[in-house]
Structure formats: structure tokens, C-alpha cells
Amino acid sequence: MAESRPVLDVVAPFLNEAQSASAFAGLLDKLEAAVSQRFGMSMHKILVDDGSSDDSVARFSQALSGSWEIVRLSRNFGKEVAVLAGLDQSRGDMVLIMDSDLQHSMDISLKMITELVDDPEIDVVYAQNDRREASWRRSQLARLFYSLINSSQRFDIPENAGDFRVMRGSVARAIATLRDKRRFNKGLFAWAGFRQKAIPYSPENRASGTSKWSRLNLIAFSLEGFTSFSVIPLRLISLSGLLAALAGAVYGAKVFFEVIFYGIAVPGYPSLLVAVVLLGGLNLTLLGLIGEYVWVTLSESKDRPVYIVRDVVRGEAPAKLPGAPGI
Ligand code: UDP
Ligand code: MG
């Protein structure tokens, strides 16, 4: 029976993507045909509604065909968590994660699947954004972020790699066991290890709507990356404290020396003000940073689930039951 064919799960989160629904469903149909023809795989589509307030779910339900389900979360949990909700439903031999706004193309998806099918030594193939269009300042910032975050660990978080990737079922299951509540997927994918391969791509332009990432969001997300995966900021705090203390000691010695041996009256007010303002500012900033880490600890220590499912809308049943041999 055809049901014994290996299954490719496609996990795609969406938030208010009604405009892209039919085009994305079309892309999935084409992908399904190609995957079936080239690799003899069937496809199961797992879309995750991350708390959409428009009629995305209705549109997707109408447009999707074949074997599909839409996991509706009880509210907006953020893309990172929505991806986890999709992975939790996945039972396939391979899992492709992609955006539903048509920025992730079928060509690159097929290329990644081909790489994975052809080389049994690889477990994950991810698309690495070559950021041709990004501004210099932004790419320098990104570089700084990654070099800082990667400088203190045994695994590297690759630059410009996102959720757009194909992995073997075993990897998807491994990722789903990581139940971080404040999720930084890039870091989790890297932490999980396995043999990963990058292929370059540049994302398509958004078909409609706008990116849900504001600059402020990006900053907050970077902070999440740090607090989940790096101890470097805390070490920098200790270092800057040490340097400030050293500088204070040297300055104090100088003052002491001048008063005792030369009788110079030290003009105290400006230096005092500088010291107070500088150290005060530094203290508050660094306290805030420590607060971030405390906040992460607090949210992880609460025993809440990572997300809540409202219900699941299903098309056809999955093509295969769990537990079949992997590719
Ligand atoms: N998305 C989501 N939840 C969110 C924000 C975004 O599920 O809170 C989905 C969105 O619908 C899209 C994908 O995640 O399919 C990527 O989002 P977006 O296009 O805003 O990000 P960008 O492509 O700019 O990185
Ligand atoms: Mg997008």
C-alpha cells in the first residue's frame, strides 16, 4: 500500500497570513508532487495558527489539500513556540520547517531535501541567508552578536541560519524534547548537535503584509539569545567591575601620593561627580542585565506548558502511523 512510503512533514507557522494562504497551499501542492515524484515520499502538512485574528484558518482550510492539519494555539505565542507546536505533532521520517509567507521557496526546499536524501551522513540541512540586501551596519551588528554568543560554548550557533531547514525525524523529535519556554530556535538547533549542513539562499520578498519583526523585537530577541545561551555578558560585568575598581584604586593612590608628598589640594567636585555618575549608570545597566537572567530563570522555573492548543483542524488523516522506519 502507498501508506508505507516515507513521509515528509512540513511544519509551517502562521500569524495573520490570510493573504498568502492560497498561494502557500499551491506551493505545498507543487512541493508534494515533486517530492513524491523524485523521492517517492508522501507529505503531511502541519500548519500552526499562532493566534491569528484574521480569517487565516478558514483560508488555509479551504486551500490545503492532501493530508494536513492546522494546530490552533490558544493565543499568539511567537513563532519560535509555534514551530515547537508543529514539531510536537510531527511523526514523519523527515521534517521541513518553513514560513508560510512565501519567503521560503520551493526550490530551496527541494534542494535541502535532495541533500538530505542523498547523503546519509547528514542529519540536518539548513538554509543560510546570505543577506545580500542587508545594510552594512546591520550585518556588522549580527556578526558581533554571533561572535559574542559563540565565544563561550562548545557548539556554534551559525550566523544567519533560521528555522528554514530539513531534518531527519529523529532530529525533530530530539528538538521537541527541548522544552525551553523562552525559545531561541537557532540556539536550540545548534545545541542539539547532529551533523548539519548549510546551503546559501536569499529569502523571497514577502508576497503580502509585513514582517512581524520590529527593530525593538529584534533587540529583545537578541537579548533572549544571550540570556538563554551565553554567560559572556555576566563575565563582562565582572570584568568591568574589576576594571572600575582597579582604576579607582590607582586614582586613589595618586591622590594620596599628591596630598602627602606635594600638599596638592585635590579638586574633588568634578572627579567625584564623574565617578558617581559613571559608576551609578554602570551599576544600573548591569543590574538590569542581571535582572534579565533572573527573569529567564523565573520563567523557566514556573511549571507552565510552553504553549496551549485550542484545537486541531484536520484534513485527511496522516498518511502513516508513527514508528515506521526512518529514511
Ligand atoms: N509568525 C508566527 N508567529 C508570530 C510571528 C510570525 O507564526 O508571532 C509566522 C509568520 O506568519 C511567518 C513566519 O512566522 O509565516 C515568519 O514571520 P515573519 O515573516 O514576520 O518574519 P521574517 O520573515 O521577517 O523573519
Ligand atoms: Mg517572513
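The values are calculated or read from the model by the stated rules, or taken from the named source; none is laboratory data. No experiment lies behind these values; they were computed from the predicted model shown. Note that we place each Cβ from the backbone using ideal geometry, even for glycine, and neighbour counts take in every protein chain shown. Keep in mind that these areas ignore ligands, DNA and RNA; they rest on the heavy atoms of the full protein, side chains included. Shrake-Rupley method; radii C 1.70, N 1.55, O 1.52, S 1.80 Å.
List of remarks:
- The set of residues in segment 153-187 being within 16 Å of ligand 1 (Cβ to nearest atom), in a loop (DSSP other than H, G, I, E, B) and either more than 23 Å from ALA142 (Cα to Cα) or aliphatic (A, V, I, L, M) (or both) consists of LYS181 alone.
- In segment 70-100, residue nearest to ligand 2 (Cβ to nearest atom) [restricted to those that are in contact with a Gly (Cβ under 8 Å, 6 or more places away or on another chain) and farther than 17 Å from GLU17 by Cβ]: VAL95
- From the list LYS302, LYS254, the lone residue that is of a type in the set (Lys, Arg), more than 16 Å from ligand 1 (Cβ to nearest atom) and exposed (fewer than 10 other Cβ atoms within 10 Å of the Cβ) is LYS302.
- Residue pairs meeting the criteria (Cβ under 7 Å; at least 6 apart or on separate chains; first on the phi > 0 side of the Ramachandran plot, in segment 268-297; second open to solvent by 80 Å² or more (accessible area, probe 1.4 Å)): none
- Test: residue in segment 171-187 that is under 13 Å from VAL125 (Cβ atoms), of a type in the set (A, V, I, L, M, F, W, C) and open to solvent by 50 Å² or more (accessible area, probe 1.4 Å): no
- Only one entry in ASP123, ASP88 is of a type in the set (Asp, Glu) and either touching a Phe, Trp or Tyr at 6+ places or on another chain (Cβ under 6 Å) or at pLDDT below 95 (or both), namely ASP123.
- The set of residues in segment 74-111 being among the aliphatic types (A, V, I, L, M) and either closer than 18 Å to GLY187 by Cα or in contact with a strand residue (DSSP E or B) (Cβ under 6 Å, 6 or more places away or on another chain) (or both) consists of VAL81, ALA82, VAL83, LEU84, ALA85, LEU87, MET94, VAL95, LEU96, ILE97, MET98, ILE108.
- Scanning segment 108-148 for residues that are of a type in the set (Val, Ile, Thr) and either part of a helix (DSSP H, G or I) or within 19 Å of the chain's Cα centre (by Cα) (or both) turns up ILE108, ILE113, THR114, VAL117, VAL124, VAL125.
- Number of positions in segment 221-246 that are exposed (fewer than 13 other Cβ atoms within 10 Å of the Cβ) and free of Cβ contacts under 8 Å to residues at least 40 places away in the same chain: 6
- Residue in segment 1-23 that is part of a loop (DSSP other than H, G, I, E, B), farther than 30 Å from PHE221 by Cβ and free of Cβ contacts under 8 Å to residues at least 12 places away in the same chain present: yes
- Extreme residue, surrounded by the most Cβ atoms within 10 Å (Cβ to Cβ), among residues of segment 1-20 that are under 23 Å from ARG165 (Cβ atoms) and among the aliphatic types (A, V, I, L, M): LEU8
- Filter pass, VAL171 being more than 16 Å from ligand 2 (Cβ to nearest atom) and in contact with a Phe, Trp or Tyr (Cβ under 6 Å, 6 or more places away or on another chain): yes
- Criterion: among the charged types (D, E, K, R) and open to solvent by 10 Å² or more (accessible area, probe 1.4 Å) - qualifying residue of ASP29, ASP50: ASP29
- Scope segment 57-107; condition among the small types (Gly, Ala, Ser), within 10 Å of ligand 1 (Cβ to nearest atom) and assigned to a loop (DSSP other than H, G, I, E, B); matching residues: GLY78, SER100
- The combined condition, being open to solvent by 10 Å² or more (accessible area, probe 1.4 Å) and either out of contact with any helix residue (DSSP H, G or I) (no Cβ under 8 Å at 6 or more places or on another chain) or small (Gly, Ala, Ser) (or both), is fulfilled by SER42.
- Top-ranked residue of segment 71-110 - restricted to ones that are under 17 Å from HIS44 (Cβ atoms) and acidic (Asp, Glu), ranked as least open to solvent (accessible area, probe 1.4 Å): ASP93
- Annotation: of all residues in segment 188-211 being open to solvent by 40 Å² or more (accessible area, probe 1.4 Å) and polar (S, T, N, Q), the one that is nearest to ligand 1 (Cβ to nearest atom) is SER211.
- Unmet requirement for SER135, which otherwise passes all of (1) over 25 Å from TYR293 (Cα atoms); (2) modelled with pLDDT of 75 or more: (2)
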